[in-house]
Amino acid sequence: KSEIEALRRRLDDRQVEFHAVSSEQVVNLQEKAEQFDKLKELMSFNEAERLELASKLEHVVNGQALVEMREKATYQRLQDELTSHCDKLLHAHRENEAKQLTIKALEQRVQDAARLEVQLETARQHDVR
């Protein structure tokens, strides 16, 4: 009988130990489930933050591209204006050179006419004598 009682005590001890381990495992499983839920929540927050940052980055990149396009357009417009002004200056310079040549040619004609007038006057004076 004492052996049966000893076996029953051992069985009771084992059942208490089993319930303790089982309860501990249930607590561990509950903690793991809570940790898993927390991890899912953090991952969800991370994904939302990643999407927000990606959107902001896209906005910044698009803004920079727009600024670059505007700068290029402004640069091209300024370059075109500079080319236009240079062409106008070159045209004005050529016109000025042509006018200077015309003036020199007219001055030469005036000098030639004056010489001819002097020659004519001299020839008249010789004819009158």
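Report, by residue number, each residue of the range 82-126 that is open to solvent by less than 80 Å² (accessible area, probe 1.4 Å) and acidic (Asp, Glu).
ASP112 - this is the single residue of the range 82-126 that is open to solvent by less than 80 Å² (accessible area, probe 1.4 Å) and acidic (Asp, Glu).
Going through the range 1-14 one residue at a time, which ones are open to solvent by 90 Å² or more (accessible area, probe 1.4 Å) and part of a helix (DSSP H, G or I)?
Correct list: GLU3, ILE4, GLU5, LEU7, ARG8, ARG9, ARG10, LEU11, ASP13, ARG14.
The values are calculated or read from the model by the stated rules, or taken from the named source; none is laboratory data. Note that the structure is a prediction, hence the values are computed from the model and not measured. Please note that ligands, DNA and RNA were not included when accessible areas were found on the heavy atoms of the full protein model with its side chains. Shrake-Rupley method; radii C 1.70, N 1.55, O 1.52, S 1.80 Å.
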